[in-house]
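Comments concern the structure below.
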Amino acid sequence: MTEEQLAVARAHVDWHMERYGYDKANVTFRHGVIEDLASMGIADASVDVCVSNCVLNLSPDKAQVLREIFRVLKPGGELYFSDVFCDRRLPGTLREDQEVLGECLGGALYIGRSFSASLHALPLPCLLMKPNPSLITSPPPPSL
Ligand SMILES: C[S@@+](CC[C@H](N)C(=O)[O-])C[C@H]1O[C@@H](n2cnc3c(N)ncnc32)[C@H](O)[C@@H]1O
C-alpha cells in the first residue's frame, strides 16, 4: 500500500458522505501492511469484521496475516475472503512470476490441506468455515 493510494481514497470521502447521506465520515484509512496491524494501532479483540478483497493473496507471509487477523478480531468476529484460491498447487514458475503475482494469481491460496491446516493451527476456541466459491472458467492469457 502506498501514500498515493491513500490520497486517492481520502480524496473521495466527501463524495461518499454526500452520496450516502453522512454528516460525518464513517471511515478512516491507515497506512501499513496487513502482516503488522499492531503498528497501525489496531488493538487485540477490537474488530467485528475483517474483509480481504484480494490482499491476503498478495502477502508473502499468509500465516502471519492470519495470526494478526485473529489477534484483532473480537470473539465471534467474522472474516471474509474475497480472494483468489486455487484447487491445485501452482508451479514455482507462476508463483515467482512478478506479473502473475501482481494479478493476485501467483499468490493464490491453495484451498486444499495447507489453507485449512493453517486456519486450524490458530489458537482459536472454535472456527466455523462456510465456503462460497465462484469459479472462473475463462482461459489463461496466451503468455501462460
Ligand atoms: C488487488 S488490490 C485490491 C484492493 C482493494 N481491496 C479493492 O478491492 O479495490 C490489492 C491491494 O493490496 C495492497 N497490498 C498488497 N500487499 C499488501 C500488504 N502486505 N499489506 C497491505 N496492503 C497490501 C496493494 O497496495 C493493493 O492496493
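What to note about this one:
- Inter-part distance where region 96-133 and region 3-49 are each reduced to a Cα centre, Å: 25
- Electrostatic dipole magnitude of the chain [Cβ: Lys, Arg +1; Asp, Glu -1; Cα centre; debye, to 20]: 520
- Loop-located trypsin sites (Lys or Arg not before Pro) in region 16-114, at most 13 other Cβ atoms within 10 Å (DSSP): K24, R30, R88, R89
- Restriction of the GluC sites (Glu not before Pro) in region 94-144 to DSSP coil positions whose beta-carbon has at most 16 other beta-carbons within 10 angstrom yields E103.
- On Cα atoms only, tilt of 62-72 relative to the major axis of the chain in degrees: 30
- log₁₀ of I(q)/I(0) at q = 0.11, 0.15, 0.25 Å⁻¹ - region 32-120, Debye sum with one point per alpha carbon: -0.32, -0.58, -1.31
- Reach of K24 by Cα under 27 Å, taken over lysines that are not fewer than 8 positions away in the same chain: K74
- Selected from N132, A38, G92, residue furthest toward positive end of dipole (the chain; charges at beta carbon): N132
- Sparse-neighbour loop sites [chymotrypsin sites (Phe, Trp or Tyr not before Pro); region 1-88; at most 16 other C-beta within 10 Å; DSSP]: Y22, F29
All of the numbers you see were taken from the coordinates with simple rules; none came from a lab. It should be emphasised that the depicted structure is a prediction, and the values quoted were computed from it without experimental measurement. With ideal geometry, Cβ positions are generated from the backbone for all residues, glycine too; neighbour counts draw on all protein chains shown.
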